[in-house]
Amino acid sequence: MKYGQVTGGRFLSRPNRFIALVETERDGKRTQERVHVKNTGRCRELLTPGAEVYLARGENPGRKTDWDLVAVKKDGLLINMDSMAPNRAVQEWLEAGHYLKGLTKIRPETVYGSSRFDFYAEAGEKKILIEVKGVTLEHQRTALFPDAPSQRALKHVQELVRAAQEGYECYVLFVIQMKGVRRFFPNWKMQPDFGEALLAAQKAGVKILAWDCSVWEEGMELSEPVPVSLEPNRLLILDTPPSGIVEPLLAWYDECRRDLPWREKPDAYRVWVSEVMLQQTRAAAVKPYFSRFMESLPDIPSLAQVQEDTLLKLWEGLGYYSRAKNLHRAAVQIMEEYRGRMPGDYETLLKLPGIGSYTAGAIASIAFGQPVAAVDGNVLRVTARLTKDGADIGDPAVKRRLEQDLLAIIPQDRPGDFNQALMELGATVCLPNGAPLCTQCPWRSVCLANRDGVQGQYPRKQAKKARRIEKKTVLLIRDACCVAIRKRPAKGLLAGLYEFPCLDGWLTGKEVADWLKEQGVRAVRIEKQPDSRHIFTHREWEMTGYLVLVDELEPLGRGKGFFFAHPEEIGESYPIPSAFAAYTACLKIRTGKDRMEKGKMGGKSE
């Protein structure tokens, strides 16, 4: 769709909703032109004094204004404002055979029921109705419709439901009159019944589409599909504009954020390692681990080349050792496929081992400035209280929905700081277990849970299934200088780590002596050790232990996978999971966790 004669200018003012005064230049002289405003919606936002606008020569010779205002530049976007442009562009698009193939008839302006729809088309025996909606409202690269309540738009969508039930193939096509938006949402805050109508229409089989447009001074044409999310965005229907959420949060973060080592130089590698370490572990406990890890493995090539035992020893005490192994696997893949450089694209990051939506969002936003969300437990808790969202935060669908909702408000210029601010708020102020420090919160005036005094009721999460209890007997078998240990299998719980002999069930001292005899080992002394308990994600070990002094360890190693090492050597070289912390303490073995600065772990240990 192209205009004829086009000229540029600067917007001055609007005497009324249909007329604008624009400063243009002719023959080297500035002149003031009275022009026709074809789209009266959103003018207050788009037509600000000094805005760069484009005018097309009017096609109606009898009109008092010679020019139509057809486009405006806002925040780096060129937005077409011509209310007639979407239909003209869609007709050209349909006639060129895009999206709907094999059309044998295309007719504009078709009456069905009590509504006049933009297009009727046929393809073989299929009868097609298409309603076109031009979209000029955009916030943080999210397109929204409508920009003002429209009963006509509501009626059209409702009528399409009836048409779909009668066998028509029906479409609502949102034509986004700009390039550069990343998604489309109904404007639930402006007109919630329109959002409800779209959801009902989709369930009835009406196809809801959004396409952006290539826009230039002389015209506009449909370009590419844009993702559509119809569910209500709870962040956009609060009693405050998005700026009332974003700006106070960033101001608070600038003033109150903690001094953490991975924030000093937030390159992709440091962000990646720190975010994996921080899963299920408090920041204070991670700091010494992170520093030691960076000293030993300062970059992706060194991580890709590290031996497994060395890697696991560096990770010893952080738990969830599969995460460390996935770090290594991903580093190898980065070396092989990306020449040793961490990819900066969110979708590409998701293809790396061990990187899910949260970690990909953190790396992409913090290290590469991509406006994508990073949703962890802190963010789920904070936003659940902010919006009084009673959905189960343990449901993956709730996390996916929040990721999409945040895209509508995440600032383009500070996406990494925004994500870190949300996580920081959850870690230091909006605390779990019903104990938020609301007086310190930058959102205290807009938070719905705080307003109603129900902070303790959010977030909501379905109770976990009871863990499986497993009883174990741990044997600390040693001679005068060495202790028996063995490597666990390469797969399964605590895979690839080292352990003391660990038998199923609770054995008595006599049963331990009998087991040793079966191995050809005679106990000189058997001493009961303290009981211990360790909680994994889905199981719990209840352990009893024995210190067993023997004359000779050698028979124990025959065919059983055991070998013998000095306690100091175990502490230096062999990664022992913290499940055995009570028993490494009995032997005075200093594991990696013991060597770190004191800090209590959060969440599960393995």
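So here's what we get for this one:
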quantity	calculated
Separation in nanometres of the label points that stand 7 Å from Cα toward Cβ, at GLU295 and ASP551	4.5 nm
Fewest-first ranking of ARG30, ARG401, using other Cβ atoms within 10 Å as the exposure measure	ARG30, ARG401
Proxy reagent accessibility, fewest Cβ within 10 Å first, across LYS388, LYS29	LYS29, LYS388
Rounded to 10°, Cα long-axis angle of helix 509-518 versus longest principal axis of the chain	80 degrees
Inter-label distance for LYS487 and ARG34, nm, one decimal - labels placed 7 Å from Cα along Cα-to-Cβ	8.8 nm
Angle between the chain longest axis and helix 85-95 axis [Cα atoms, degrees, rounded to 10]	80 degrees
Under-5 Å amide H pairs with GLY219, H placed in peptide plane, nonlocal only	TYR3
P(r) tail fraction, segment 85-225 - alpha-carbon pairs more than 22 Å apart, %	37 percent
Charged-residue dipole, Cβ positions (Lys, Arg, Asp, Glu), the chain about Cα centre, Debye nearest 20	1040 debye
3J(HN,Hα) from dihedral phi, segment 119-132, Karplus parametrisation 6.51/-1.76/1.60, rounded to Hz, x for glycine, proline	9, 10, 9, 9, 9, x, 8, 6, 10, 10, 10, 10, 10, 9
Partners for LYS101 among aspartates and glutamates (Cα-Cα distance below 19 Å; same-chain residues under 8 apart left out)	GLU92, ASP118, GLU122, GLU125, GLU131, GLU169, GLU221, GLU224
Cβ-based exposure ranking for MET1, MET84, MET277, in which fewest neighbours within 10 Å come first	MET84, MET1, MET277
Listed residue pairs exceeding 25 Å between alpha carbons, taken from LYS126/LYS189; LYS38/LYS155; LYS313/LYS560	LYS126/LYS189
Given [x] 32.8; [y] 25.1; [z] 28.9, the label whose value is Kirkwood radius over Cα pairs in Å derived from this model	[z]
Dimensionless Rg/Rh of segment 6-77 - Kirkwood Rh, Rg from C-alpha atoms	0.94
log10 of Debye I(q)/I(0), alpha-carbon scatterers only, for segment 391-492 at 0.22 Å⁻¹	-1.39
Rh (Kirkwood; distinct C-alpha pairs) - segment 197-330, Å	19.7 Å
Mean-position separation - Cα centroids, segment 446-524 and segment 68-97, in angstrom	65 Å
Segment GLN462-GLU347, extension gain: residue separation times 0.36 nm, minus the distance between their alpha carbons	38.4 nm
Pair LYS101, GLN165: separation of 7 Å Cα→Cβ label points (nm)	3.3 nm
Translational diffusion of segment 468-595, µm² s⁻¹ [Kirkwood Rh, Cα pairs; Stokes-Einstein; 20 °C; 1.002 mPa s]	144 µm²/s
FRET E, pair ALA585, LEU503, Förster distance 25 Å, beta-carbon r, rounded to 0.05	0.80
Length gained when the stretch CYS438-GLU255 is fully extended (0.36 nm per residue, less Cα-Cα span)	64.2 nm
Nearest 10 degrees, 0 to 90: helix 377-387 Cα axis against the chain principal axis	40 degrees
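Read the figures in this text as sums done on the coordinates, not as results from a lab. Just so it is clear, the model here is predicted, and its values are computed rather than measured. Because the Cβ atoms are built from the backbone with ideal geometry, glycine has one as well, and the counts that use them run over all protein chains shown.
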